[in-house]
Structures are given as structure tokens and as C-alpha cells.
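I have placed the structure first, in the form of C-alpha cells, so that the comments after it can refer back to it.
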Amino acid sequence: MPYPTGYPAHPGQASGHPEHAEHSDEHAEFSEHSEHSEHSEPGPELRAELVQASLVAIAVAVSGVLLGLLWLWLAPKVPLVSDGSAVYLKNSEGEDAVGADGMFTLLGLAFGAVSAIIVFLLFRHGGIALVVGLAIGGVLASVIAWRLGVWLGPTSDVVAHAKAAGKGVTFDGPLKLGAKGALLAWSMAAMVIHLALTGLFGPRDPEPALAPAPSPEAR
């Protein structure tokens, strides 16, 4: 028997399937929540890279102690002499003060290259996070080496040192780092060497497979 005109043949036609609409809204909300969670939380690979970069930065910074000891040992001494009223350079034309800056720079470059090689051999699949860890650790290591060398070196109180040495007696001046740009030598060398090693010997992405040649029949 046909239904009267104006009445739907099925209750769901007039309501536009409300149950399906509710399920669609819930599915959309779940999808949005899932996408938000995926974007807000870092993946395990990123977390692993950050942990590796932190360990590299700490290890490199601690090795700055060795740089400071080598700088103190290898840096040329600055001989001073006092006449009882003032302190003078014993060699007025000497380049000992500049030599300390040059030695710190050379040592920083060498330490940066060695640290980059070690990090590359340990973490061949590392990304940019390792390079940032090397850079930060290199700066911290250089600052530690600088302050340690100055602290263990001759006293910075030149007047007191001159009085203790006596008139006309040569004594070593304080160890100084005049060119503060040398503090970046370690980081610059580490980043350049590591990027070069990654470009030359790092893992390569697999090449896309070539499409098969069309058969003569297809032509």
C-alpha cells in the first residue's frame, strides 16, 4: 500500500541519516586529534638524534680540558722584566703574545677535525642534530680551554709577580687570548669536516627503479 504523499517511505530519509552524520563527526574529530598528536609529539628517530647530539656536545665540551692543558704547555711564554718602577717586555719586537693566539687556533682546528671524524665513525647515519651538537660542544670546549689555561698559567697580577721576581729578573707574563675569534676554530673545523665526510662517505638514498622498456608489441 503506498504511503500518503508528503510522508517519507523510510524514517531515515527525512532526517538525512542522523546516525551516519554523528559517526562522521566523531570520525572527523578523531582524525583531527590523531593528526595533532602526530605533529605535536616528536618521533622516536628525532628523539634519538637529539639524545645523540646532547651526548656529543657534552663529550666535546669536556674534552676542552685537554685543549686547555695543551695550550698552556705549547703556547710560547711572554718574558717580562721589571726595572723596579715599571714592567716591560724583554723582547720588545717579540711575537710571543700573538703566538699564543695562533697556537690556540691551531689546536682548536686540530681538535675540531678529530672530534668530527670520531663522531662520524660512531654515528654514520646522524643528521643535522649531530652537527649542531658538535658546534655547541666546540664553543663550550674552547671557552673551558681558554679559562683553564689562563687560570693555570702565570698570575695575571703582573705587579705582584714583578715584585716577587725582583728587579731585572725575567719572569713569564700571564697567558692571554687576544683574538677571541679563535674560540670558534673548533666548531668551524668540526662542522666542515663532518659535512665533508657525510657528503663523501655517508649513506646514499636508493636510486629509483627504472621503468621497464616497452615491448615491441606495445609499439
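Condition check: touching a helix residue (DSSP H, G or I) at 6+ places or on another chain (Cβ under 8 Å), surrounded by 11 or more Cβ atoms within 10 Å (Cβ to Cβ) and either at pLDDT below 85 or closer than 19 Å to ARG124 by Cβ (or both). Does THR170 satisfy that? No: the conditions fail for THR170.
Of the residues making up the range 179-196, those that are closer than 21 Å to ALA75 by Cα and assigned to a helix (DSSP H, G or I) are LYS180, GLY181, ALA182, LEU183, LEU184, ALA185, TRP186, SER187, ALA189.
Applying the criterion of being closer than 27 Å to LEU184 by Cα and of a type in the set (S, T, N, Q) to the residues of the range 48-91, the residue that is modelled with the lowest pLDDT is GLN52.
Yes or no, residue by residue, for (1) among the aromatic types (Phe, Trp, Tyr); (2) at pLDDT below 95:
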| residue | (1), (2) |
| --- | --- |
| PHE111 | yes, no |
| LEU121 | no, yes |
| ILE128 | no, yes |
| ILE136 | no, no |
| LEU140 | no, no |
| TRP146 | yes, no |
| VAL150 | no, yes |
| PRO154 | no, yes |
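The values are calculated or read from the model by the stated rules, or taken from the named source; none is laboratory data. Predicted model, so just to flag it, every value in this text is computed and none were measured. Because the Cβ atoms are built from the backbone with ideal geometry, glycine has one as well, and the counts that use them run over all protein chains shown.
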